[in-house]
Each structure stands twice: as structure tokens, then as C-alpha cells.
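Engineer: Handing you a structure now.
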Amino acid sequence: MDLGINVVEMLIYLVGIIAFAAGNAAYLVWVERKGAAHIQRRTGPKEVGPYGLLQPLADGAKLMSKQLIIPDGVDKPLFMVAPLIAMVPAIMIFVTIPFSDSIIARDINLGLLMIFAFASVNVLALLLGGWASRNKYAVISAARAVSQNVAYEIPMLIIAITIVMVSGSMNLKEIVDFQAGGFWNWNFLPTNGNFLGPITFVLFFICFMAETNRAPFDLGEAESELIAGFHTEYGSMGFGLFFMGEYANIVIGAALTVILFLGGWYCPFGLTDGIWWFLIKMYLLIWTVVLIRWTYPRVTLWSLLNLSWKILIPFSLFNLLASAGLIKILG
Amino acid sequence: MAGYFTNILSGTKSLLVGLSITQREFFKKPVTLQYPWESLEMTPRYRGHIQLVKDGETGTHKCISCGLCDKGCPSGCITVKGEKQEGVKVKVLVRYDLDFTKCSLCGQCIDNCKPGAIEFSKEYNLASTRKEDFYYDLLKRLKEQK
Amino acid sequence: MNKANVIQELKALASEGMPDETEVAPVVEPASPEGDQEAKPKKAAPPEPRKNGLLEVDYAVKGVHVDVQINSENVVRAAEILDRAAMTLEAVTGVDWIKDKELEVVYDYSYTGGECLRIVVRARIPRDEPNIPTVSEVFGGANWHERETFDFFGINFEGHPQLEYLLLPEDCDFHPLLKDFKGC
Amino acid sequence: MSSQTASQNKEHFEINLGPQHPATHGVLRVKLLMDGEYVVDAEPVLGYIHRMHELMGENRTWAKYLPNMGRLDYLSALSYNLGYVELVEKMAAIEVPERAEYIRVITTEMNRISSHLLWFGAFVLDLGGFTPLLYAFDDREHILDLLESVTGSRLTYCYFRFGGCSNDVEDEFLTGCLTFIKRLRSRMPMYHNLVTKNVILMQRLEGVGPVSAEMCRKYGATGPVLRGSGINYDVRKNEPYSVYPEFDFDVPVYNECDSMARYMVRMDEMDQCMRIIEQAIAKIPEGPVMAAKVPKMIKPAAGDYYHAVEAARGTFAIRAVSEGKNQAYRMKLRSPTFSNLSLFQEASKGMLLADALAFMGSIDLVIPEIDR
């Protein structure tokens, strides 16, 4: 009986998560294209459906109907498995994300740890995809992606540790609950003991953009240098999965930022808490990511690493120490 | 050390200014034209392929088949054929062919034309997969153009 | 840059290659370029090929100030003189004087440091043995210009580090700007 | 050459950048020998769209060669038109009416702005910023509309004729130019805020791709590359042609020798172009736009002639050898980017790949002009 309910529940969550991830990926592409178009004073997709709303479906149908080309001389198993490695961990992470008090697939005690564990698998996909493609551009891109991910995981984790220290838990739900009751309780302000407050929020945001290979940190797929980087040789759904994985990662990153800094599903003024607040905050962050992509030029690898080692890590380390002191004082 | 912080501050400021510009542009109206649905009027001097000028009085062309357009064409894309016909003083144009695939739209044929018998058309919606479609018989086009 | 000095030096260089000195100087080419000219009887007055020497020409008409023709072995020395005068090598090109059975290599120098000065250095070489020393040691930019001239005229720049086809495909076997080129 | 070095060091690998590559703006191929992210050797391979314009010059009459000029550098076609018609006018001693000269200057400078705007967009695109490209195109479109209303074409203009211009301009065009200048002036601060002052862009350009004045001299680099290396050389100032001496304008010079300097030179040059156009519109006289007497068949006196103009990318010069016939005996086209690109191999050694591409973008390449 118990088992049956569990299985049904599991299936519902599984379908829900996949639908959420895929739907988000598809419609974020639409948002990105439409947003980019309007930023650049164009109209963007408008032919397929009203406001081009059916464009993602058309894109998906096109991608799926294309031939899956496997170039001569690639490492076939790795080449095939790399897109899956990009997509699967992204879906796995959604399991632990609390969208609201009740909408959460699995409330895990070490949810934050699990997210970081799976998020770091993503870089493996880029490495394998680039390496297996037998393309020099892809190999350079893979090497870039790895060094970038290594550099940015450190400050990201240090900031996350600070939040864990402030909240006293690694359970995402508890971290959100800790910030209940108005925006003055949120972690992006120093009231809870996060010493640098908004600065850490910005640092975390930068790290998450760099982790997800978004512009201006999209060194791995710098089109004017490396053509399409690690997915140069991919077509059809191989490319589609990489693409969806990237957007799923953006959603995860934004959701995580909302959970850690912006009070999750809580209303800024303590009213009508619920999933809508979570989504509003998340999509606002995602819009910022889109806006940033269409505003800045790309950084170089060196200045990217400089940014990480010379600014992000010192700041986050200092914040860790100062927050520890502040928590002690606040009791 | 102070430079380190001022660098970060000024850098952040420049980034925020950039973001505010793009966000502002986002709310402005698009400037593009939705081409197949709407299109621009070509300016009077627009250079499309050449065509024979229709004379309002006689209802036909003014060409005297002197062949100066043919001779002056850098790409050699014009072929003019005139015939001596009885009762007419000047040569009568029997064929005016334009190979538009070679034309570079320099306008020297029109400069050379004394009677002003040719002009630029305003056609720009020209697309085809066969190059034969761009071999124009201008006399025929003139007749079709009512 | 001293304009008068440069002109003086170039004049000296140009006079070095005058016919009376050809016996003294070690002859690289089998025949002096000026030696084997005979007037073609067909044309009324065929223009004589130009003798070595320096001309100060009218800038407003010709677009250059100084026009100097020297012996082909002296082009590197001319380049050195002009390099010392801080001039820039703008282009290297050739002209095929098929009636004289000669090729002319033309070097356009200009001065970018202020006052306007354009100097043309030219050297004639026999058509059947088109060899001339490279100036790419002096002016790095000459490298590509000489390769281009090699493409179009088949002129062999001796000592050039990489005398390969630049604009034409690497497997082509013709030189299109030679006047006896009939298309391919 | 480079394959030998490759075999010497097993760590090195070769990359073919192009002929189809997003950063090469056309069909340039660069054989890169890489050491990881560092460029060990970069050898440009040219000739993918070589059309032998110089041979065409020997086969066509002087007038028939006119349309070829717009096909060299299609982004600043009018500068090339101007260079050629001025050369032939010099050879055949044709007097050009003053109004025609002013029209030539106005349209050429408009064309220069459009070329620089496109370069600006494409350069930032090379650096990964997509949006400025479309803003620049938005502005450029206004120029193209204006020029279309005068010349009839939008890109490969063939407007100037020996002895003048093919047609007069209307007052609407002149006022349109002034409106456009006003608009571009109000847009320039936006460009500077969005791009020039952006910290990421500054990091990518400052100190990247140093080209010393000495190197420019050795390689014959001209135009913004030379002016970005601190040398005040502009053909419009140094050996004035057309009616340029009538106008008061500055030549922007930057001493930093890096990509940022070249970027700033072009941005400032747009301001100067606007100044020239304004003065020209204020001063433009009435009168004919074609010389009264232009020989039907142009047969310049034998000899060789040289004429240089300042195109958007540097000194464009033509050396024409005439034998007194209605065709040229030899037509040499000296294109600026050919020389500018030739220093790429030496200057890019030891650069990061991303920096090398930023450097390449800052030279402003138009491949049809290099390959001719």
C-alpha cells in the first residue's frame, strides 16, 4: 500500500520534473530569442504561433527530425554519452529543489551538498563531449571549460558554506524557512549574520553564471574563437540535449540563488507566501542573466581566472571569517 | 590596495551602466521592417536592372539602336540588334537583350544613351534558382508593361 | 629625414649602374638590360626603354616626387638608404615590358612622418631570367608584396624566405600579368 | 615552415582558422600553430576570393574599369571610386566642378562612417558582444538609405564619373545628412557607455596586440593601425586631394599602440567625418556636377601615375601605367589591409588565441580587398 503510493508519487514527481526542466529549457530559449530581439530593436520569432510562442516546439521538432551525425574517427561511446551526462544531472538536481513549502520531490537533509555534487558532473559532459569529438576547437573548449569550472566552484562553495553556517543547516527547506517573514530576514542582507550581504549575493550570482557557461563567461563556446566549442561536432538531439542541459542549469542556478539568498517562496513583506514568489524571483534572476548575455562582450580565460582568484575568492574567504565572527556576536 | 577597490567599483559601475542601456532599449519599439509583409518604397534613383523607357506619346520605346550602351558596358551584358527597315530613316530595334547575371549596375549604359531610351527599373524582388530567369528580353518586357 | 640627402644618395646609386661601369662591376645577369635594345621597325617611334637615373618629377602630374631607376642588384641598397631615411615601403609590383624583353620591378616608398614625399625605385631585369634580390630583409612588409609579384609575374626574388604562391592557388603554373599570358 | 616547427615540438598543434570561421569576416584562412591556448605562429593564407582585378584593369577601357572599384572594399566603396576617378582625372587633366568635389567629399565621408560603424559592430561581435552590432546597423541603415537616394545602390557604389558625379544631389539629401549627424551625435555617448567604457572590453583591448610605430613602418601599415601607433599620418592631411584642404578637421592619434588605441582612432574618426560633412554642407556651392568637356575616349599620355587616397582602412593607392591608349598598360592596386594584415604573423606570436582574434578584428579586415 505504502509502496504503491510511493511509486505513484515518484512517477508524478518524475514526470513533473522532466516536464518542468524541458518546458523551461524550451521556453527560456523563446525568452532569450525574444528578449534579445527586443533589446536589439528587432521583433524576434513571430511567425510560428502568436508572438512566436510555438517556435520552441518547431525547433524541437526540427532538431529531432535531423540526422544524428557521428563524424568519422570520434570516440563513439563517449561521443554518444556526453549529451546525456549534460542533461541527466540537471534533471537529478530538480529532485531536491523546494519550490514551495509542499512542492518538493525529495526533502533531503544534505540537499545543498547533493546539488553541488551533481552540478560538478556537468563539466564532465563538456570535457567528454569536447574530447570525444576529435576536433581541436572542441578540445580547447573542453580544457577551457574545466579550468573555468574548477576556478568558480571554489568561491561558490565558500559562499554556500557561509550560508550554511548562517542558517545552520544543509537542508534547502530549512535554509528557506530560516529566512521567513519579510525581506529583511533574507540572507542577502547582513541581518542573519552574512557579513558582506549583497556583495556575496552578487558574487554567488557571478559564480553561477560562470558555472553554467553563460555569457560573458561562455568561453567554452566562444563562437568567434572556437566556432561552437565542445558541441561543434554535435547535431540533432545531441546538440539539443547540450542545449537543454545548459538552460536547465540556468534554472537550477537561479533557483539555488533564490533559495540561498532571496528567501525562497516567501513574500518580501510576509504576505501570501507560495510557489509564485519563488517563480517570480527565479525568472527575474533569469531575465538578468539574459540581459547580461546580450550586453557584455566575452571575457578572456585569463581575466576570468583573475576575477575568480583575485576578487571572488578573497572576498568570499573574508566573508566566511567575518560572518563567523558576526554570528558569534549575534548569538 | 586602494586601486584594487576603486578598480572593482568603477568596473561594476560600467557594467551596471551597460545593463541599464540594454534594458532601456528593450522597452523601445523595434526598428526593423517585417519584410515579406511590409516593404519599402524604392527611392527614385534606385538601380534595378535596366529597362526601356516607355514613351508617353508613341507608346513605344525611344531606342535608335545605336549600340552605345552595348559598347560602353563593362560587363558586356547588353546585346542590341537593329535593322534597316524600309520607310524608316533610323535603324529599328528588333532585339534588346540584357544578361542581368553579369550586370554590375554601374549605370554607364544610361549615361551613354543619348535619346534617354533606357532607365533603371525599381525591381528588387528578384530571386530564382535558374540563371536563365535573368536573361531579359527588354522589348518583350516593354510590351508586357502596360 | 633629409630629402636632399636621400636624393643625393639615390642619385649616386643610380649612376653606379650606368653602362660605362658594367664591365667593372661583377655581372650577375648575362646582358646589361640597356644593351640589347633595338628599335622595332613596325612602329613609327617606339619609346626607348628608360635608362638608369634619377628624375625629380612633377608631383601634381605623376603623384610621386622622385623617380629613380637603378640596377637590379642595387635594390637592397636603395631599400637600406630609404630605411635609414625612415621611409615606408608601400608596395612592390612589376610591369611587363614585353617589347623590351624586360620586366620592371617597382618599389613605392612614402614617408609617413610628416612632409609628403613619395619615391619610386625601379629596376629592370631580363624577361627570361627574372631574378632580383629580395628587400624583405630590410622591410618585413615586402615579404607579401614580393610574393604577390612572384604570383603575377614569376619574378624570382633571391633570398626570399617563403617564395610561394600567395593569392593564386599553390598548384597553378602560370603568371597572369605577363603580357603573353593567354588565359587558362 | 610551420609544419617543421610542429614536428619539432610534439606539444604544438596546428589549427586551421578559416576559410570559414566566424571571426575571419569572409574567407581568410589563418594557419595557426598553437601551444595550448598560445599562438606560436600564425600564417595568413590568402587568395580565396582572388579575382585578378589588376588584369581586368589591363583589359578594360578606363571607363569600363570603374565598377570594379566598388568590388574591392565593398564597405567603403566610394573611397575607392574616388581614388580611381581622381587618378584618371589627373592623367587626362580633367577639371572637376567644385560642386561635384563637395558632393564627392560628403558621400565619401558618409561611406567612411558607415564602414566604421560596421567595423565597430563586427569588432564587438568578435569579442562576443552581439547587441552593439545591431545598434550600429540601425545607424548604418540610415546612411545606406541616404546614399541610396543619391547613388542608387546600397553597397557597391558606382557613382563618381570622370569629371564629376553621375547625378546631382537634392537638398533633401543634404538636410538628411544633417539629421543623421544629429542622430549619430546623440547615439555616440550610448556607444561609449555601452562598449568603450565597459570594463570587460577594456580588459580585452588594453595592451593587446601591440604594434609599434617602427613595425608599422617596416610593414607599410597605414590608416587607423598607423594612427593607433602614435603616427599622425592621414593622406587627407599629408597630401590633400579633392577639396579636403578646405575643411578643418583633426586626425585622431593615439600613442598606446594597442587594440584599444586602434578602436579609439576609429571611434574618433567618425566624429571628424561628421565635422567634415557639416562643413561641406555649409559650404557647398551651386553649379554643375559634371565637367563641361570630358573626352569620350580617354587616352592619357604615356607614363606612369600614382595616386593615393585615404580609404576607411588606410592608404589606398593606384599605380597606373599608360601607353597612351584607351586601356591601362598596367594597373596596380595597393590595398591598405594587405599591408596591415602582413604584420599579423609577426605581431601575433605568443598571443592568446582570444587576444589574437581581438587583434585581428582591430586591424579591420575586408578580405575582397586583400585578395583583389
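The values are calculated or read from the model by the stated rules, or taken from the named source; none is laboratory data. Just so we're clear, the structure is a prediction, and the values are computed from it rather than from any experiment. Here the Cβ is made from the backbone with ideal geometry for all residues, glycine too, and neighbour counts use every protein chain on show. The protein model used for the area step is the full one, side chains on, heavy atoms only, and it has no ligands, DNA or RNA in it. Shrake-Rupley method; radii C 1.70, N 1.55, O 1.52, S 1.80 Å.
Engineer: crowded, with 22+ Cβ neighbours inside 10 Å, on the phi < 0 side of the Ramachandran plot, in contact with a Ser or Thr (Cβ under 7 Å, 6 or more places away or on another chain) and of a type in the set (A, V, I, L, M): which single residue out of C:Ala123, C:Ala78, C:Ala91 fits that description?
Structural biologist: So the residue among C:Ala123, C:Ala78, C:Ala91 that is crowded, with 22+ Cβ neighbours inside 10 Å, on the phi < 0 side of the Ramachandran plot, in contact with a Ser or Thr (Cβ under 7 Å, 6 or more places away or on another chain) and of a type in the set (A, V, I, L, M) is C:Ala123.
Engineer: Could you please let me know if D:Met274 is surrounded by fewer than 24 Cβ atoms within 10 Å (Cβ to Cβ), touching a residue at least 12 places away in the same chain (Cβ under 8 Å) and part of a helix (DSSP H, G or I)?
Structural biologist: Here the answer is yes, as D:Met274 does meet what is asked.
Engineer: Spot the failing condition for B:Tyr124; the list is (1) buried (at least 16 other Cβ atoms within 10 Å of the Cβ); (2) closer than 23 Å to B:Leu40 by Cα, and only one is missed.
Structural biologist: Just one mismatch for B:Tyr124, condition (1).
Engineer: If you don't mind, there's one more thing I want to ask. Among the candidates A:Asp72, A:Asp101, A:Asp59, which residue alone is within 30 Å of A:Asp177 (Cα to Cα) and open to solvent by 10 Å² or more (accessible area, probe 1.4 Å)?
Structural biologist: A:Asp101
Engineer: Now a separate question. Condition first: in a loop (DSSP other than H, G, I, E, B) and touching a strand residue (DSSP E or B) at 6+ places or on another chain (Cβ under 6 Å). Now tell me which residues in the stretch C:100-138 satisfy that.
Structural biologist: C:Thr112, C:Arg127, C:Pro130, C:Thr134
Engineer: Let me ask something else about it. Out of the stretch B:91-121, which residues are open to solvent by less than 40 Å² (accessible area, probe 1.4 Å), in contact (Cβ under 8 Å) with a residue 60 or more places away in the chain and either more than 13 Å from every other protein chain (Cβ to nearest Cβ) or among the β-branched types (Val, Ile, Thr) (or both)?
Structural biologist: If the condition is that a residue be open to solvent by less than 40 Å² (accessible area, probe 1.4 Å), in contact (Cβ under 8 Å) with a residue 60 or more places away in the chain and either more than 13 Å from every other protein chain (Cβ to nearest Cβ) or among the β-branched types (Val, Ile, Thr) (or both), then B:Gly116, B:Ala117, B:Ile118 are the ones that fit.
Engineer: Moving on to the next point. Hey, can you tell me all the residues within the stretch D:194-222 that are touching a strand residue (DSSP E or B) at 6+ places or on another chain (Cβ under 6 Å) and either within 14 Å of chain B (Cβ to nearest Cβ) or part of a helix (DSSP H, G or I) (or both)?
Structural biologist: Passing the criteria: only D:Arg217.
Engineer: Moving on. Among the residues of the stretch B:18-59, how many are surrounded by 14 or more Cβ atoms within 10 Å (Cβ to Cβ), more than 13 Å from chain D (Cβ to nearest Cβ) and β-branched (Val, Ile, Thr)?
Structural biologist: 1
Here's the yes/no breakdown for (1) without any contact (Cβ under 8 Å) to a residue 40 or more places away in the chain; (2) at negative phi:
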residue	(1), (2)
B:Lys29	yes, yes
B:Thr43	yes, yes
B:Glu57	yes, yes
B:Glu83	yes, yes
B:Gly87	yes, no
B:Arg141	no, yes
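Engineer: While we're on this one: Looking only at strands (runs of 3 or more DSSP E) that fall completely inside the stretch D:1-111, which ones have 1 or more residues that are in contact with a Lys or Arg (Cβ under 6 Å, 6 or more places away or on another chain)?
Structural biologist: Strands (runs of 3 or more DSSP E) meeting the threshold: D:13-17, D:38-45.
Engineer: Can you tell which of A:Ile252, A:Ile227, A:Ile206 is within 24 Å of A:Thr96 (Cα to Cα) and within 14 Å of chain D (Cβ to nearest Cβ)?
Structural biologist: Answer to the selection: A:Ile206.
Engineer: Any idea which of D:Ile298, D:Ile318 is within 14 Å of another protein chain (Cβ to nearest Cβ), assigned to a loop (DSSP other than H, G, I, E, B) and farther than 23 Å from D:Glu214 by Cα?
Structural biologist: D:Ile298
Engineer: Looking at the stretch D:97-115, which of its residues are over 17 Å from D:Leu174 (Cα atoms) and either surrounded by fewer than 24 Cβ atoms within 10 Å (Cβ to Cβ) or within 14 Å of chain B (Cβ to nearest Cβ) (or both)?
Structural biologist: Matches in the stretch D:97-115: D:Pro97 only.
Engineer: From the list D:Ile363, D:Ile281, pick out the single residue that is out of contact with any strand residue (DSSP E or B) (no Cβ under 6 Å at 6 or more places or on another chain) and either of a type in the set (Ser, Thr, Tyr) or more than 27 Å from D:Val169 (Cβ to Cβ) (or both).
Structural biologist: Step by step, each of D:Ile363, D:Ile281 is checked, and only D:Ile363 is out of contact with any strand residue (DSSP E or B) (no Cβ under 6 Å at 6 or more places or on another chain) and either of a type in the set (Ser, Thr, Tyr) or more than 27 Å from D:Val169 (Cβ to Cβ) (or both).
Engineer: So is B:Cys77 within 24 Å of the chain's Cα centre (by Cα) and surrounded by 15 or more Cβ atoms within 10 Å (Cβ to Cβ) or not?
Structural biologist: yes
Engineer: Ok, one more. Applying the selection to the stretch D:293-346, what residues are of a type in the set (Ser, Thr, Tyr) and buried (at least 20 other Cβ atoms within 10 Å of the Cβ)?
Structural biologist: Passing the criteria: D:Tyr305, D:Tyr306, D:Thr315, D:Ser322, D:Ser335, D:Thr337, D:Ser339, D:Ser342.
Engineer: Go through the residues of the stretch D:119-134 one by one and say whether even a single one is within 23 Å of D:Ala320 (Cβ to Cβ) and open to solvent by 10 Å² or more (accessible area, probe 1.4 Å).
Structural biologist: no
Engineer: For the stretch D:35-58, which positions are of a type outside the set (Val, Ile, Thr), more than 8 Å from every other protein chain (Cβ to nearest Cβ) and open to solvent by less than 40 Å² (accessible area, probe 1.4 Å)?
Structural biologist: The answer is D:Asp41, D:Ala42, D:Glu43, D:Pro44, D:His53, D:Gly57.
Engineer: Cβ-Cβ under 8 Å, sequence separation 6+ or interchain: first residue in the stretch C:71-99 and within 18 Å of C:Arg50 (Cα to Cα) and facing chain D (nearest Cβ under 8 Å), partner in a strand (DSSP E or B) and among the aromatic types (Phe, Trp, Tyr). Which pairs?
Structural biologist: From residues that are within 18 Å of C:Arg50 (Cα to Cα) and facing chain D (nearest Cβ under 8 Å), the pairs are C:Val95/D:Tyr329.
Engineer: Taking the condition of being over 21 Å from the mean Cα position of the chain (by Cα) and among the hydrophobic types (A, V, I, L, M, F, W, C), how many residues in the stretch D:206-240 meet it?
Structural biologist: Total meeting the criteria: 1.
Engineer: Contact list please: Cβ distance under 7 Å, first residue in the stretch D:226-241 and more than 9 Å from every other protein chain (Cβ to nearest Cβ), second residue among the acidic types (Asp, Glu) and open to solvent by 10 Å² or more (accessible area, probe 1.4 Å), pairs at least six apart or on different chains.
Structural biologist: These pairs meet every condition: D:Tyr241/D:Glu86.
Engineer: Out of A:Leu112, A:Leu127, A:Leu78, I need the residue that is in contact (Cβ under 8 Å) with a residue 12 or more places away in the chain, open to solvent by 60 Å² or more (accessible area, probe 1.4 Å) and in a helix (DSSP H, G or I). Which one?
Structural biologist: A:Leu127
Engineer: Confirm whether C:Lys182 is away from every other protein chain (no Cβ under 11 Å) and either in a loop (DSSP other than H, G, I, E, B) or farther than 21 Å from C:Val64 by Cα (or both).
Structural biologist: Answer is yes for this residue.
Engineer: Now a separate question. Got a number for residues in the stretch D:69-94 being in contact with a helix residue (DSSP H, G or I) (Cβ under 8 Å, 6 or more places away or on another chain) and either open to solvent by 10 Å² or more (accessible area, probe 1.4 Å) or more than 20 Å from D:Arg313 (Cα to Cα) (or both)?
Structural biologist: Total meeting the criteria: 5.
Engineer: Which numbered condition trips up D:Leu174, out of (1) open to solvent by less than 20 Å² (accessible area, probe 1.4 Å); (2) in a loop (DSSP other than H, G, I, E, B)?
Structural biologist: It is condition (2) that D:Leu174 fails.
Engineer: Only one of (1) closer than 21 Å to D:Ala282 by Cα; (2) free of Cβ contacts under 8 Å to residues at least 24 places away in the same chain fails for D:Leu147. Which number is that?
Structural biologist: (2)
Engineer: For the stretch A:281-318, give me the residue count where each residue is facing chain D (nearest Cβ under 10 Å), open to solvent by less than 50 Å² (accessible area, probe 1.4 Å) and among the charged types (D, E, K, R).
Structural biologist: Selection size over the stretch A:281-318: 1.
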